[in-house]
């Protein structure tokens, strides 16, 4: 089941992306450089349509061959909300207030799908949230992951690479945990993202736009919650896998909020953007980010089999690594006089 679905998702994602690239001269959904942009020429941002096509085709195979997982209809409803508002934003900018309301509604659909987090398993401890606090946490978690993926989609090959690496890791981690549908669904998203990445690796020929980034963010949140609820992967392991995005976006949001800046305003202050502006360029920066992604994925895989004490050590080590990386980037900026 999973193998056929992956092949279909990759083939459709790659073919659709290639077709959209060939139509770039039509001017449909063109991303023109703005203050936040790291590119300096107009590029199509219709790639999200191709990612959606690949994911839809792959999941159709999964549903046809295996039937569905619990709450499938509500997850699909949330995805349709995300896709609709994001496509509208790509075509004609939608106000941040309307977008965030739609994200909350989509997150509520995830609740209805039976994926609320009422207890969080940590290394050597369990955090009981209860029904109410768990529902609030789940809605905020889904909404944040949708938006952080949108925030982090600002460099050639970055968001597509994170989706390919992250969802592949989640699929592999679930292989021996009696979660066949979860494995197949994760692998499908990874395959479709890889098909898109073939044309998005620097120098990018196409971008995924808000449709692609928001859809991947939504699917990322749903998959992490699904893995937690099914006892396949603890949430903190999934967060570690996607931490190259989660840490950068979260720290940047907090820093900008403390500085009195509006989080939704265009900017170039994410750590990956700062590296590009330091002269690293898209290719060198994204290759280094890939190294970080694979390191996180590898340590998450190892940690999933370790005793609680060793898991806590892995978690603390990564906190230290991220602090060191952020301080190093700040130091490079000071030396460059930025």
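Taking the Cβ of each residue in 220, 316 as the centre, tally the other Cβ atoms inside 10 Å and list the residues starting with the fewest.
On the way: 220 27, 316 11.
Fewest to most other Cβ atoms nearby, the residues stand as 316, 220.
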Cα gyration tensor of segment 72-155, axes a ≥ b ≥ c as square roots of the eigenvalues: rounded (a/c below 1.5), prolate (a/b > b/c) or oblate?
-> prolate
Okay, helix-only estimate at 222 nm for the chain: each DSSP H run of n ≥ 4 adds -39500 (n - 2.57), divide by all residues, round to 500 deg cm²/dmol; what do you get?
-> -24000 deg cm²/dmol
Out of 163, 204, 313, any idea which swings most in a Gaussian network model of the chain, alpha carbons joined below 10 Å?
-> 313
Looking only at 260, 166, 134, which one moves most when the chain is put into a Gaussian network model with springs between Cα atoms under 10 Å?
-> 260
Per segment 97-218, sqrt(5λ) over the Cα gyration tensor eigenvalues, sorted largest first, in Å, gives 27, 20, 12
The residues 128, 89, sorted from fewest to most surrounding Cβ atoms within 10 Å, come out as 128, 89
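Kindly state, to the nearest 0.05, the FRET efficiency for residue 301 paired with residue 259, given R0 = 51 Å and r defined as their beta-carbon distance.
Details: r = 37 Å, r/R0 = 0.73.
With a Förster radius of 51 Å, E is 0.85.
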In a Gaussian network model over the chain where Cα atoms closer than 10 Å are linked, find which of 60, 221, 14 has the largest mean-square fluctuation.
-> 60
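First check a/c for segment 160-202, with a ≥ b ≥ c the square roots of the eigenvalues of its C-alpha gyration tensor; if it is under 1.5, answer rounded, and if not, answer prolate when a/b is larger than b/c or oblate otherwise. Please report the intermediate quantities before stating the final value.
Details: a/c = 4.76, a/b = 2.56, b/c = 1.86.
Note, shape of segment 160-202 comes out prolate.
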Centre separation in Å (Cα based) which lies between segment 148-166 and segment 258-282 | 15 Å
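For segment 244-311, just say rounded, prolate or oblate: build the C-alpha gyration tensor, square-root its eigenvalues into a ≥ b ≥ c, call rounded for a/c under 1.5, and beyond that prolate if a/b exceeds b/c, oblate if not.
Values: a/c = 4.00, a/b = 1.53, b/c = 2.62.
Note, shape of segment 244-311 comes out oblate.
What percent does the relative contact order of segment 189-338 come to when contacts are Cα pairs within less than 8 Å and at least six residues apart?
Details: 70 pairs, mean separation 34.1, N = 150.
So the answer I get is 23 percent.
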List the relative contact order of the chain as a percent without decimals, with contacts defined as Cα pairs under 8 Å and 6+ residues apart.
-> 23 percent
Bin by bin, in steps of 5 Å, what percent of the Cα pairs in segment 208-247 do you find, going until the bin that has the longest distance?
-> 6, 25, 26, 23, 13, 6, 1
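Bear in mind these aren't lab numbers, they're just calculated from the coordinates by the rules spelled out. Small disclaimer: the values here were computed from a predicted structure and weren't measured. Here the Cβ is made from the backbone with ideal geometry for all residues, glycine too, and neighbour counts use every protein chain on show.
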